[in-house]
Amino acid sequence: MNIGQTQIKQLIADKIKILKGEVAYATLSEKCNLTAARISDVANNRIDCRLSTLVEIATALRIHPKEIMDIAFDFTEYYSELDK
């Protein structure tokens, strides 16, 4: 995994924590098909997750999945660096 991917992954984890707020992981797990531990692992950047996991987290949060991916990352610059 390159530095950009690592940053993106951390930003997504941070975004999940922001969107989650004070809601317990156990409460979220009751609203989707994930365990509290799995949600916590993603939100604390301990695992690489599948797209379906992000969709389940969005379901638990009752948000559109694109909100999880709405992060402050300059993809244009990132792609430019990859193309050098």
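The numbers here are math on the coordinates, done by the rules we state, and not lab data. None of the values given here were measured: they were computed from a predicted structure. All Cβ positions, even for glycine, are placed from backbone atoms using ideal geometry, and neighbour counts span all protein chains on display.
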With a Cα-only, solvent-free Debye model of the range 3-82, what are the log10 I(q)/I(0) values at q = 0.22 Å⁻¹? -0.97
For THR6 and ILE63, compute 0.36 nm times the residue count separating them, minus their Cα-Cα distance, and round to one decimal in nm. 18.1 nm
What's the exposure ranking of ARG38, ARG46, going from fewest to most Cβ atoms within 10 Å? ARG46, ARG38
With x for Gly and Pro, the residue-by-residue ³J(HN,Hα) of the range 73-78, computed from phi through the Karplus equation 6.51 cos²θ - 1.76 cosθ + 1.60 at θ = phi - 60° and given in whole Hz, is 9, 8, 5, 4, 5, 4
Arranged by the count of other C-beta atoms within 10 angstrom, fewest first, what order do GLU81, GLU56 take? GLU81, GLU56
Determine, for LYS17, LYS84, LYS66, the number of other Cβ atoms within 10 Å of each Cβ, and report the residues in order from fewest to most. LYS84, LYS66, LYS17
Could you tell me the center-to-center distance, by alpha carbons, between the range 64-79 and the range 1-59 in angstrom? 15 Å
